[in-house]
Every structure is written in structure tokens, then in C-alpha cells.
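Q: Take this structure, written in C-alpha cells, and hold onto it; I'll ask about it next.
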Amino acid sequence: MITIFHGDNQELSRTAFVDATDKLTGFDILQVDAKTADDNQISQFLNSLSFISASKAICFTNFFSIPKAKLDKIIKVINSSDSNVLIWQDKQLTPAQLKLLPQAKVELFKADNIIYLCLNQIKPKNLVKFISYYHQVIDNGLYDLLLYMLKNNLRQKLTSYSSFNPDLLKKTYLQLIELDYQNKSGNLAIAKEIALERLMIKLLS
């Protein structure tokens with residue numbers, strides 16, 4: 001059985017993928033990511049005898065980011081096997097990509113539209129509109145997902161054209177990373193929602 005976890009809500013899709021992996025108790029499991037994927041290794045794993053268990057499973061991270069020539073070979077290998085295959089992708093897949101594994105069970109995790117409306121307000125001198133949507137996001141309990149997507153958004157702006165001052169943009173991005181660390185380590189002196197709001201005020205004022 002093949003199960004695909006994907007969508008723009010990376011936090012939920014990743015959590016579901018990890019939970020499904022944890023449920024594979026008693027399985028001989030091979031963990032593979034896009035950088036280490038090798039069709040020969042996968043074929044050998046599936047076709048070799050296991051001293052751990054008679055059941056085998058492969059858990060792929062960013063399966064569809066594997067170069068196409070290698071991906072095509074791996075698809076042939078897993079299609080010829082009846083082993084459990086779990087696939088997580090860090091974005092929403094296209095219909096063409098999903099057609100490569102038509103027999104797969106597909107789990108789609110979409111981000112709340114209010115988050116996209118909020119992210120779309122990240123423009124210089126656009127603080128008032130951003131804050132309005134920001135408070136709606138927080139009221140809906142979506143802080144963690146917003147922070148995750150904010151970091152991705154600013155990182156993308158740093159690697160492409162942006163109307164923001166590059167130094168300010170980089171500083172804010174690094175502060176978001178530090179905020180996340182301080183919050184998770186329990187060292188944040190104020191509420192995480194207030195801390196994030198203050199960072200965005202500095203960027204958008």
C-alpha cells in the first residue's frame with residue numbers, strides 16, 4: 001500500500017506522516033530522502049531477507065524532489081512490491097505528479113485561507129492591513145503554522161527580487177528563527193504572539 005501526505009499545510013502533513021511511520025510497529029523500515037534515494041538500495045532492501053521482520057516499509061521524505069531519471073526507476077521498484085510505502089512531500093503535488101502513483105492513497109493537508117490573506121499583506125508600509133489579518137490568524141489558533149510559513153515567505157524574498165530593504169529583510173528572517181528557538185526552549189520573556197507581532201511591525205512600518 002502506498003500513502004502520500006502532501007499539501008501547503010506542511011506542519012499537519014508532516015505530523016500525519018510521522019504518526020503513520022510510528023504505527024509501523026514490527027516492520028523493517030527504510031528511511032529515504034530526496035538526497036539519499038538510490039533505486040539499487042531500495043530494490044535490495046525490498047528483495048532481501050530480513051532478520052527483524054517479514055514485513056517491510058519504506059518512508060520517503062520529499063519523494064517527488066528526486067531527479068526524474070532516478071524517480072522513474074524507483075517508481076518501477078516500489079510498484080513491483082507489495083510493501084508499505086509512505087511518502088511525504090513538503091508542498092502540494094500537481095495532478096501530473098499524483099498520476100505517477102495512481103494506486104496511492106492521497107492525504108491532502110491545506111493551509112487555512114486566512115493565512116494566505118495574511119501573507120499577501122507582507123509589503124512595505126502595509127502594516128495596518130497585515131495586522132488586521134494577523135489578529136484573525138491568531139484568533140483561529142494558527143500561530144505555529146503562520147510562523148512556519150512566514151519564515152518560508154521571507155526566505156523566498158531573500159533569494160529573489162523584493163521591495164524590502166535587504167538588510168532589514170535578512171534581520172527579520174533571522175529574528176523569526178531566534179523567536180522560534182526561544183519559544184520552543186521556554187526562554188521567551190513575553191507571549192509568542194506579541195513577540196511575532198512586534199517583529200512584523202518593525203518590518204512593515
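Q: Against the condition polar (S, T, N, Q), surrounded by 13 or more Cβ atoms within 10 Å (Cβ to Cβ) and farther than 30 Å from Leu147 by Cβ, how does Ser48 come out, does it pass?
A: On the way: polar (S, T, N, Q): yes; surrounded by 13 or more Cβ atoms within 10 Å (Cβ to Cβ): no; farther than 30 Å from Leu147 by Cβ: yes.
So Ser48 fails the test.
Q: Kindly list the number of the only condition in (1) at pLDDT 95 or above; (2) open to solvent by 40 Å² or more (accessible area, probe 1.4 Å); (3) not charged (D, E, K, R) that fails for Cys59.
A: Going through the list (1) at pLDDT 95 or above; (2) open to solvent by 40 Å² or more (accessible area, probe 1.4 Å); (3) not charged (D, E, K, R), Cys59 breaks only (2).
Q: How many of the residues in segment 1-37 are touching a residue at least 24 places away in the same chain (Cβ under 8 Å) and either small (Gly, Ala, Ser) or not in a helix (DSSP H, G or I) (or both)? Explain how you work it out, then say what you get.
A: First, the residues of segment 1-37 that are touching a residue at least 24 places away in the same chain (Cβ under 8 Å): 1-14, 16-17, 20-21, 24, 26-34, 37.
Add one more test, that the residue is either small (Gly, Ala, Ser) or not in a helix (DSSP H, G or I) (or both), and what stays is 1-9, 13, 16, 20, 24, 26-34, 37.
The total comes to 23.
Q: Right, Asn153: in a helix (DSSP H, G or I), surrounded by 14 or more Cβ atoms within 10 Å (Cβ to Cβ) and in contact with a Lys or Arg (Cβ under 9 Å, 6 or more places away or on another chain) or not? Even if it seems obvious, please write down each step before you answer.
A: Details: in a helix (DSSP H, G or I): yes; surrounded by 14 or more Cβ atoms within 10 Å (Cβ to Cβ): yes; in contact with a Lys or Arg (Cβ under 9 Å, 6 or more places away or on another chain): no.
No.
Q: Taking segment 104-115 only, how many residues are loosely packed, with under 14 Cβ neighbours inside 10 Å and part of a helix (DSSP H, G or I)?
A: Of the residues in that region, 1 qualify.
Q: Let me ask you something else. Being part of a helix (DSSP H, G or I), open to solvent by less than 40 Å² (accessible area, probe 1.4 Å) and closer than 30 Å to Thr36 by Cβ narrows it down to one of Leu101, Leu86, Leu145, so name that one. Outline the logic, then answer.
A: Numbers: Leu101 fails: part of a helix (DSSP H, G or I); Leu86 fails: part of a helix (DSSP H, G or I).
Just one listed residue meets the conditions, Leu145.
Q: Answer with yes or no whether Ile201 is part of a loop (DSSP other than H, G, I, E, B), modelled with pLDDT of 95 or more, open to solvent by 50 Å² or more (accessible area, probe 1.4 Å) and closer than 21 Å to Tyr134 by Cα.
A: On the way: part of a loop (DSSP other than H, G, I, E, B): no; modelled with pLDDT of 95 or more: yes; open to solvent by 50 Å² or more (accessible area, probe 1.4 Å): yes; closer than 21 Å to Tyr134 by Cα: yes.
For Ile201, the condition - part of a loop (DSSP other than H, G, I, E, B), modelled with pLDDT of 95 or more, open to solvent by 50 Å² or more (accessible area, probe 1.4 Å) and closer than 21 Å to Tyr134 by Cα - is not met.
Q: Taking segment 17-39 as the search range and keeping residues that are farther than 14 Å from Gln89 by Cα and β-branched (Val, Ile, Thr), which one is most open to solvent (accessible area, probe 1.4 Å)?
A: Thr25
The values are calculated or read from the model by the stated rules, or taken from the named source; none is laboratory data. These figures come from a predicted structure and were not determined experimentally. As a convention, Cβ positions derive from the backbone with ideal geometry for all residues, glycine included, and neighbour counts pool all protein chains shown. Accessible surface areas use protein heavy atoms only, side chains included; no ligands, DNA or RNA. Shrake-Rupley method; radii C 1.70, N 1.55, O 1.52, S 1.80 Å.
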